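Quick notes on the structure that follows.
Read-outs: derived from the displayed coordinates by stated rules, not from any lab. Worth saying up front: this structure is predicted, and the values here are computed from it rather than measured.
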């Protein structure tokens, strides 16, 4: 058990895991750090010319098939997009439903 804690602690320190509850009983293990996801999204947007798109199209649109973004966890995606928004690289806007939420990129 002690070795697991050390391994988990290392993942937390490297930004590859995050606690999702205050009691530190549930942890989200990340394939990429949130910053890495944000960079991946920006590169994807530039390569595909997607200046404005919906959140759902990023997760399941034709352009995402065969990429790391296909089926990305919505929470991870939103955190990466919020990071891009904080850096002035994107603006998230609300639609009439969750499926209508969109994002405009400044690339």
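Quick look at the values:
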{"quantity": "Angle in degrees between helix 74-86 and the longest Cα principal axis of the chain, rounded to the nearest 10", "calculated": "70 degrees"}
{"quantity": "Semi-axis lengths (Å, descending) of the ellipsoid that matches the C-alpha gyration tensor of the chain", "calculated": "29, 14, 13"}
{"quantity": "Extension gain from residue 26 to residue 67, taking 0.36 nm per residue of separation minus the Cα-Cα distance", "calculated": "12.0 nm"}
{"quantity": "Acute angle (nearest 10 degrees) that the helix 2-13 long axis makes with the longest principal axis of the chain, alpha-carbon atoms", "calculated": "30 degrees"}
{"quantity": "Tilt relative to the chain, helix 34-48 - C-alpha long axis, 0 to 90 degrees, to 10", "calculated": "20 degrees"}
{"quantity": "Long-range tail of P(r) for the stretch 58-107 (Cα pairs > 17 Å, %)", "calculated": "39 percent"}
